[in-house]
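What follows is a set of notes on a single structure, which appears directly below.
Bear in mind these aren't lab numbers, they're just calculated from the coordinates by the rules spelled out. As the structure is a prediction and not an experimental result, all values here were calculated from the model. So basically every Cβ, Gly included, is an ideal-geometry build from the backbone, and we count neighbours across all protein chains shown.
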Amino acid sequence: MHEMAIAESLLGIVLDESGRHGITRVNRIQLQVGALAAVVPAALTFCFELISRDTIVADAVLAIEMVAVVVRCPECKERFEVDNQFYVCPRCGPIPAGLDLTSGRELTLLSIEGESGDEDESSESPCGEEYPRGQ
Amino acid sequence: MSQVKVPVVRNILEANERLAKANRTIFDQAGIFAVNLMSSPGAGKTSLLEKTIDGLGDRYRIAVIEGDIQSSYDAERIQRKGVQAVQINTDGACHLDGSMVLEAIEALDLDGLDLLVIENVGNLVCPAEFNLGEHHKVMILSVAEGDDKPLKYPLMFQTSSVLLVNKIDLLPYVDCDLEKIRQRAGQLNPRQQIFEVSCRGGAGLDAWYAWLETEIARVRVNRG
């Protein structure tokens, strides 16, 4: 049920980044959602469509990549994917304590794709080459 | 018109994180220990607060922010104990966020305050994802809810520093294995402190009070 709050935050960031990079129409938004975040992708997509309707983001595809919960066993240090929320190491058995979470808590915007206006002649090369690397 | 792909890598909840940090700065500067109290509906959040005010209210100044979808019933319960309480009605939202708490803080008299408890909306899922600026997240699980809850709501258990297992007076009547709760919660969060309590009878609450007193003292040293 917290999908609406997440959709609102996401739209804010997408509009901010679009303005900063001269994007006038957003076509695709790529994000990562960890399984622990308990986000229902269909609900997030529904909320996002609803609130982005009258913006340059309307009709953009939300490409949601779900990230599995991966933990590291404190005994053998092996990383393994958590299956069905039971924290059992495939080598050592049930983990008594010291669980080390490697992934599963992501709520991250990865990229925005769209059309850039090119209205003004001072070309700042908005084409794909010079991506600022993520901080 | 040209196609652009902009790599971004930004935390979607960054706006909430910023507000939570602002709240935290307010708490730290005023030397107030702030707790984000979470549980499912009916686990005993408000009862725990009433008991805590009875147990510590004569030695510490306590205030409460009450989060509920509707009604000011809980804030009135707390005000009857003679402490400041501000009600937040989320109008349907299933969790509190940093901006709601910031607004509530502005309605509180922070002067000389030792402990602020933010009682979140009853829900074991969504509140776990939204920091409010608290020093610690504290959760309650009542034994009537069952020992399987750590398996079903892992993030809540993973992010809470303290787990209060409440209503232990009901243990003879419900199928709940305390050892399973300890073991499952321990797998998710080995540093989590567990207190087994009954807010009805008062059993086990002294250990909870002692934990609060230690944390209050730790934060109070910041007070100018």
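Using Cα pairs closer than 8 Å and at least 6 residues apart in sequence, work out the relative contact order for segment B:14-216, in percent. Kindly include the intermediate steps, with their values, before the conclusion.
Numbers: 402 pairs, mean separation 51.8, N = 203.
This gives 26 percent for segment B:14-216.
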Filter the trypsin sites (Lys or Arg not before Pro) in segment B:135-224 to those in DSSP coil with at most 13 other Cβ atoms within 10 Å of their Cβ, and list the result. B:Arg191, B:Arg223
Could you derive backbone 3J(HN,Hα) for segment A:32-38 from the dihedral phi with the Karplus parameters 6.51, -1.76 and 1.60 (θ = phi - 60°), listing whole Hz in sequence and x where the residue is Gly or Pro? 10, 10, x, 4, 5, 6, 6
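In Å, what Kirkwood hydrodynamic radius results for segment B:40-126 from the alpha-carbon pair distances? Before the final figure, lay out the partial values.
Details: mean 1/r = 0.0761 Å⁻¹.
Taking every pair of different Cα atoms in segment B:40-126, averaging 1/r and inverting gives 13.1 Å.
Efficiency by 1/(1 + (r/R0)^6): what FRET value for A:Arg53 and A:Arg25, r their Cβ-Cβ distance, R0 = 22 Å, to the nearest 0.05? Don't skip to the end; give the middle numbers.
Details: r = 14 Å, r/R0 = 0.64.
Efficiency, rounded to the nearest 0.05: 0.95.
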Could you tell me the relative contact order of segment A:3-115? Use alpha-carbon pairs under 8 Å, at least six residues apart, and round to a whole percent. 38 percent
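Would you mind calculating the gained length between B:Gln70 and B:Arg223 on full extension (0.36 nm times residue separation, minus the Cα-Cα distance), in nm to one decimal? Can you show the working numbers first?
Numbers: separation 153, 0.36 × 153 = 55.08 nm, distance 3.50 nm.
Difference between extended and current length: 51.6 nm.
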Checking the cross-link filter: which lysines have an alpha carbon closer than 28 Å to that of B:Lys45, excluding same-chain neighbours under 8 positions apart? B:Lys21, B:Lys81, B:Lys137, B:Lys149, B:Lys152, B:Lys167, B:Lys180
Let me test this: with uniform point scatterers at the alpha carbons of segment B:72-122, what is the Debye-based log₁₀ I(q)/I(0) at q = 0.16, 0.18, 0.25 1/Å? -0.48, -0.61, -1.14
Per DSSP helix of 4 or more residues, -39500 (n - 2.57); summed, then divided by the residues of chain B. What does that give at 222 nm, rounded to the nearest 500? -11000 deg cm²/dmol
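Taking the number of other C-beta atoms within 10 Å as the exposure measure, put B:Thr159, B:Thr52, B:Thr214 in order starting with the fewest.
Values: B:Thr159 21, B:Thr52 24, B:Thr214 10.
Ranking B:Thr159, B:Thr52, B:Thr214 by Cβ neighbours within 10 Å, fewest first, gives B:Thr214, B:Thr159, B:Thr52.
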Take chain B, connect every pair of alpha-carbon atoms lying under 10 Å apart with a spring to form a Gaussian network, then pick out the residue of B:Ser71, B:Ser40, B:Ser99 with the largest mean-square fluctuation. B:Ser71
So which trypsin sites (Lys or Arg not before Pro) in segment B:1-83 pass both tests, a DSSP loop state and at most 14 other Cβ atoms within 10 Å of the Cβ? B:Arg59, B:Arg80
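Please give the per residue volume of the convex hull enclosing the alpha carbon atoms of segment B:14-216, rounded to a whole number of Å³.
Working: hull volume 23.1 nm³, N = 203.
Convex hull volume per residue, Cα atoms: 114 Å³.
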Using alpha carbons only, how many angstrom separate the centre of segment B:151-184 from the centre of segment B:24-45? 20 Å
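Figure the gain on full extension for B:Leu170 and B:Asp109 (residue separation times 0.36 nm, minus the Cα-Cα span) and round it to one decimal in nm. Walk me through the intermediate numbers first.
Working: separation 61, 0.36 × 61 = 21.96 nm, distance 3.84 nm.
Length difference between fully extended and current span is 18.1 nm.
Compactness ratio of the protein assembly as shown: Cα Rg over 2.2 N^0.38 Å, N = residue count? Display every interim value, and only then the final one.
Numbers: Rg = 22.8 Å, N = 359, 2.2 N^0.38 = 20.6 Å.
Output field value: 1.11.
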Let me check the size of segment A:3-115 from its C-alpha atoms; what are the radius of gyration and Dmax in Å? 17.7, 54
Debye equation applied to the C-alpha atoms of segment B:98-204, log10 I(q)/I(0) at 0.10, 0.11, 0.20 Å⁻¹: -0.33, -0.40, -1.07
Which of B:Ala22, B:Ala210, B:Ala128 moves the most in a Gaussian network model of chain B with Cα springs under 10 Å? B:Ala210
